[in-house]
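Student: For reference, the structure I am asking about is given below.
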Amino acid sequence: MSNTFLIYGANGYTGELIAREARRRGLQPILAGRNRDKLSAFANELGLSFRCFDLNDVAAIAAQLHGVQTVLHCAGPFSATAQPMMQACLQAKVNYLDITGEISVFEYAQTLDAQAKQAGIVICPGVGFDVVPTDCVAAALKAALPDATHLALGFDSRSSFSPGTAKTSVEGLAQGGKIREHGQIKTVPLAAKTRRIDFGNGEKLAMTIPWGDVSTAYHSTGIPNVEVYIPASPSLVSKLKRLNWIKPLLGLGFVQNLLKKQIEKKVRGPSESARGKARTFVWGEARNAAGVIKTARIEVPNGYTLTVDAALAVVAGVAMRQGTGGSYTPSRLLGADLLSRLPNVGTLQLQ
């Protein structure tokens, strides 16, 4: 893979983690992004090459992908950056991967399936914590209960956010909650549904969130009803329910800009020590029309650590892959056992 994959957004929080780990493994990714000074310093530190370009012009992006086999796109918010990079990858006939968790990006990727097949490339967003663990759990539950009609997924993570993830979350507040119902994605209020769930470390109150699996789990399994949950205190649930009354205001440009500027000032992402201590509990539940229920649980590393390992595993998997092009989810691309092949991942418990 030497000099054949490019990390765009390499000087961001997660992009930097991936680049450092890739270099530690002896790989030589090309670093890329918009900030020449930061990229140059980082590339010199790691002994890697870099390319500086923005995402304003698809043809110009495609020209920058000469000699690249795969782009690993790490620059969010992906709602703004994924589409031009996907289009450039189609033009340049370069595989596209990213670490998004944004539903709109997953849905857009699915519309490019025919074009990706024609170009002979793979388009697979969500090759990090969003959505590899939950996507693989969804695929395992589908195999265990093939006639499932309802799927609930979730995770319990105490990790703090990176700046990019925090900004995406701010955007999500204005867009409301999301579930999939009868095969269609449906907008619902924030914290629309609550239930008590044992994610693997004790039963807790949990609420629905607009996680990427609302899109990807359907494309991976065909199960028409999908919800995603995280633990939430009663006070947080109440606060989010109150925000539903002012949701239109949260989408105003000046409000979004104000919130994002605060994030830039205050959010740095978890330290190496914090990442090493934090574990994440992933849960899933499938149910069929007869009321039969299958449950899955698995313990995985901190989300950012898992993103690094998963993203590099998918880069390697695509490089060796002999299949046809198209738009994929992680489990459809490399199998439901992708998660179990990653470092420091526990054993999937199916009941």
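Student: For the range 219-245 and the range 309-346, what is the separation of their C-alpha centers, rounded to whole Å?
Tutor: The range 219-245 and the range 309-346 have Cα centres spaced 27 Å from each other.
Student: Let's see if you can work this out: charge +1 on each Lys and Arg Cβ, -1 on each Asp and Glu Cβ, no other charges. What is the dipole magnitude of the range 1-122 about its Cα centre, in debye to the nearest 20? Spell out each step's value before the answer.
Tutor: Details: 10 positive and 10 negative charges, 85 e Å.
For the range 1-122, the charge dipole is close to 400 debye.
Student: Separate question: For the pair Ala319 and Ala63, how long in nm is the line joining their label points, each one 7 Å along Cα→Cβ?
Tutor: 2.8 nm
Student: Also: Do the alpha carbons of any pairs in Lys142/Lys261; Lys38/Lys186; Lys117/Lys241; Lys178/Lys261 sit beyond 32 Å of each other, and which pairs? Don't skip to the end; give the middle numbers.
Tutor: Numbers: Lys142/Lys261 42 Å; Lys38/Lys186 41 Å; Lys117/Lys241 43 Å; Lys178/Lys261 26 Å.
Pairs exceeding the cut-off: Lys142/Lys261; Lys38/Lys186; Lys117/Lys241.
Student: Any idea what the relative contact order of the chain is, in percent, if you count C-alpha pairs under 8 Å spaced at least 6 apart? It would help to have the intermediate numbers written out before the result.
Tutor: Values: 763 pairs, mean separation 73.4, N = 351.
In percent, rounded to a whole number, it is 21.
Student: If a/c stays under 1.5 just call it rounded; otherwise compare a/b with b/c (prolate if a/b is bigger, oblate if not). Do that for the range 302-351, with a ≥ b ≥ c from the square roots of the Cα gyration tensor eigenvalues.
Tutor: It comes out oblate by the Cα gyration axes.
Student: Another question, if that's okay. Amide H neighbours of Asp198 under 5 Å, counting only residues 5+ apart in sequence or on other chains, H built in-plane at 1.01 Å?
Tutor: Here the answer is Lys204, since their amide H atoms fall under 5 Å of that of Asp198.
Student: Leaving out ligands and nucleic acids, and using a 1.4 Å probe, what accessible area per residue does the chain come to in Å²?
Tutor: Numbers: 15190 Å² over 351 residues.
The answer is 43 Å² per residue.
Student: Each residue of the range 341-351 in turn: what ³J(HN,Hα) in whole Hz from Karplus with 6.51, -1.76, 1.60 and θ = phi - 60°, glycine and Pro shown as x?
Tutor: Those phi angles translate into 8, 7, x, 6, 9, x, 8, 5, 9, 10, 10 Hz.
Student: Also, quick follow-up: Ratio of the chain's C-alpha Rg to 2.2 N^0.38 Å, to two decimals?
Tutor: Details: Rg = 19.4 Å, N = 351, 2.2 N^0.38 = 20.4 Å.
The value comes to 0.95.
Student: Most mobile of Lys241, Lys178, Lys142 per a Gaussian network model of the chain (Cα springs, under 10 Å)?
Tutor: Highest fluctuation of the listed residues: Lys241.
Student: Moving on to the next point. For the range 131-141, just list the computed ³J(HN,Hα) in residue order, Karplus coefficients 6.51, -1.76 and 1.60, θ = phi - 60°, integers in Hz, with x standing in for Gly and Pro.
Tutor: Residue by residue, the range 131-141 yields 9, 3, x, 5, 5, 5, 5, 4, 5, 5, 5 Hz.
Student: For the range 31-155, go through all pairs of different Cα atoms, get the mean of 1/r, take its inverse, and jot down that Kirkwood value in Å. Walk me through the numbers on the way to the answer.
Tutor: On the way: mean 1/r = 0.0623 Å⁻¹.
It is 16.1 Å.
Student: Hey, another quick one. If amide H atoms are built 1.01 Å from N in the plane of the peptide, which residues on other chains or at least 5 residues away come under 5 Å of the amide H of Gly177?
Tutor: Residues meeting the amide H criterion: Val188, Leu190.
Student: Further question: Would you work out if the range 1-72 is rounded, prolate or oblate? Take a ≥ b ≥ c from the square roots of the eigenvalues of the alpha-carbon gyration tensor; rounded if a/c is under 1.5, else prolate when a/b is larger than b/c, oblate otherwise. Present the calculation step by step, with values, prior to reporting the outcome.
Tutor: Values: a/c = 1.89, a/b = 1.31, b/c = 1.44.
It is oblate, given that a/c is not under 1.5 and a/b is not larger than b/c.
The values are calculated or read from the model by the stated rules, or taken from the named source; none is laboratory data. Just so it is clear, the structure is predicted and the values come from calculations on it, not from any experiment. Counting neighbours? That spans all protein chains shown, and the Cβs are built from the backbone with ideal geometry, glycine included. Heads up: the accessible areas ignore ligands, DNA and RNA and are worked out on the full protein's heavy atoms, side chains in. Shrake-Rupley method; radii C 1.70, N 1.55, O 1.52, S 1.80 Å.
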